[in-house]
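Q: Before anything else, here's the structure in question.
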Amino acid sequence: MKQEIDFIKFNPTQNMTVLVKTNHPAETYPHIAAQIMSYDNVYAEQVGFIGGSVKPEAAAHLEMAGGEFCGNACMALAAYIASENELKSTDFTEIILEVSGTDRLIRCQVKQRQNEYFCQVTMPIPEQIEQRTVKYEGIDMDMVIVRYREFIHIVIEVEAFDEMMRKRAQALARLLGLTLGDKLIGILLYNSQSEELAPLIFVPQLDSLIWERGCGSGTASVGAYLAWSRQKEIVQHIKQPGGAIKVMAEWNGAELERITIEGSVGIVAQGKAFIDA
């Protein structure tokens, strides 16, 4: 028996995102997401579920399938709400969201630009940033751990995105997924010379391991790392396979004060998906 799912598909920096509009029990989210993400269904890198917000100032609640936080999905939902409200191309609107993976309300500023939406999102600030050298597979790896309440990003500076480094990143993501208990593990390979990022995202609950074409939260973590390591404000376009995402990390002399990312979102499809119940 097939189950109908109402969905919208978005393109935030080619990080293809599906948001589900129909109501479903939370325990079914991983099953629904796994089918929707598959090549023989709607096909996407991640799935979130739209619900009603608890806090009156929030326009909606976004619950990612693995309970993780996702900056690009925030942009996608903000763009959808703006489109439903028939935002005029000259207007900026602020949309506040409740989002899984953080206890802070997420503020999104949205403006329509031709056939897509320009979004600026205020991101969660890391709880801790620290540098470590770890012996892994017989070599010393310098890495920066960017820790949030329910997820962790590891920034590793590289000179090239070669296959050996990619395989190491994949094995490290799975190892950390088994040992840490976080809802999301991100391994962020970053080339500081070219300002390029290759983001690998692992969501243990979904067993989803994807080299994303654009990662909003990963971009924020790289900005946080750069501001922390240089002890100054950072404004930078981080190049990724799907395009660039701009990050602004404010440094007040002692700590990170605010992180925002900017990118564009296209709404590419809307309709019904059919999955095995």
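Q: Return yes when E63 is free of Cβ contacts under 8 Å to residues at least 40 places away in the same chain, under 19 Å from G101 (Cβ atoms) and within 13 Å of the chain's Cα centre (by Cα) and no when it is not. If you could, list the steps in order and put the result at the bottom.
A: Numbers: free of Cβ contacts under 8 Å to residues at least 40 places away in the same chain: yes; under 19 Å from G101 (Cβ atoms): yes; within 13 Å of the chain's Cα centre (by Cα): yes.
It is true that E63 is free of Cβ contacts under 8 Å to residues at least 40 places away in the same chain, under 19 Å from G101 (Cβ atoms) and within 13 Å of the chain's Cα centre (by Cα).
Q: Residue check: is T17 of a type in the set (V, I, T) and surrounded by fewer than 22 Cβ atoms within 10 Å (Cβ to Cβ)?
A: No; evaluated as a whole, the condition is false for this residue.
Q: Could I ask something else about it? Do you know which residues across the range 36-57 are under 20 Å from the mean Cα position of the chain (by Cα) and not hydroxyl-bearing (S, T, Y)?
A: I36, M37, V42, A44, E45, Q46, V47, G48, F49, I50, G51, listed by residue number.
Q: I'd like the residue in the range 221-243 that is among the aliphatic types (A, V, I, L, M) and touching a Gly at 6+ places or on another chain (Cβ under 8 Å) and, out of all such residues, is farthest from F118 (Cα to Cα).
A: Result: I234.
Q: Step by step: first the residues of the range 172-210, then only those that are part of a helix (DSSP H, G or I) and in contact with a helix residue (DSSP H, G or I) (Cβ under 8 Å, 6 or more places away or on another chain), then the one that is nearest to I156 (Cα to Cα). Which residue is that? Don't jump to the end; show me each part of the working.
A: Just the residues of the range 172-210 that are part of a helix (DSSP H, G or I), to begin with: 172-180, 204-206.
Next, from what is left, pick out any that are in contact with a helix residue (DSSP H, G or I) (Cβ under 8 Å, 6 or more places away or on another chain): 177-178, 204-206.
Values: G177: 17, L178: 20, P204: 21, Q205: 24, L206: 24 Å.
Only one residue fits best here, namely G177.
Q: If I filter the range 100-134 down to residues being touching a Lys or Arg at 6+ places or on another chain (Cβ under 8 Å), in a strand (DSSP E or B) and among the polar types (S, T, N, Q), which single residue comes out as farthest from L256 (Cα to Cα)?
A: In this case the residue turns out to be Q112.
Q: Would you check which residues across the range 1-53 are touching a Leu at 6+ places or on another chain (Cβ under 7 Å), among the aliphatic types (A, V, I, L, M) and under 21 Å from L209 (Cβ atoms) and list them?
A: A33, A34
Q: In the range 135-154, which residues are of a type outside the set (K, R), farther than 17 Å from D182 by Cβ and in a strand (DSSP E or B)?
A: Y136, I139, D140, M141, D142
Q: Does the range 203-222 contain any residue that is among the aliphatic types (A, V, I, L, M), free of Cβ contacts under 8 Å to residues at least 60 places away in the same chain and buried (at least 23 other Cβ atoms within 10 Å of the Cβ)?
A: No, because not a single residue in the range 203-222 is among the aliphatic types (A, V, I, L, M), free of Cβ contacts under 8 Å to residues at least 60 places away in the same chain and buried (at least 23 other Cβ atoms within 10 Å of the Cβ).
Q: Any chance you could count how many residues in the range 250-277 are farther than 20 Å from A73 by Cα, assigned to a strand (DSSP E or B) and among the hydrophobic types (A, V, I, L, M, F, W, C)?
A: Adding up the residues that qualify gives 4.
Q: Same structure again: Among the candidates L188, L105, single out the residue that is assigned by TED's automatic domain parsing to the domain that holds Q14 and either at pLDDT 90 or above or surrounded by 21 or more Cβ atoms within 10 Å (Cβ to Cβ) (or both).
A: Numbers: L188 fails: assigned by TED's automatic domain parsing to the domain that holds Q14.
Being assigned by TED's automatic domain parsing to the domain that holds Q14 and either at pLDDT 90 or above or surrounded by 21 or more Cβ atoms within 10 Å (Cβ to Cβ) (or both) holds for just one of L188, L105, which is L105.
Q: Also: In the range 37-86, what residues are in a loop (DSSP other than H, G, I, E, B), under 23 Å from I245 (Cα atoms) and among the aliphatic types (A, V, I, L, M)?
A: Within the range 37-86, the first condition is being in a loop (DSSP other than H, G, I, E, B), and the residues that meet it are 38-45, 52-59, 65-70, 85-86.
Okay, now just the ones that are also under 23 Å from I245 (Cα atoms), so 43-45, 68-70.
A44 - this is the single residue of the range 37-86 that is in a loop (DSSP other than H, G, I, E, B), under 23 Å from I245 (Cα atoms) and among the aliphatic types (A, V, I, L, M).
The values are calculated or read from the model by the stated rules, or taken from the named source; none is laboratory data. The structure presented is a predicted model; accordingly, all values stated were derived computationally and were not measured. Virtual Cβ from ideal backbone geometry, glycine too; neighbours counted across all protein chains shown.
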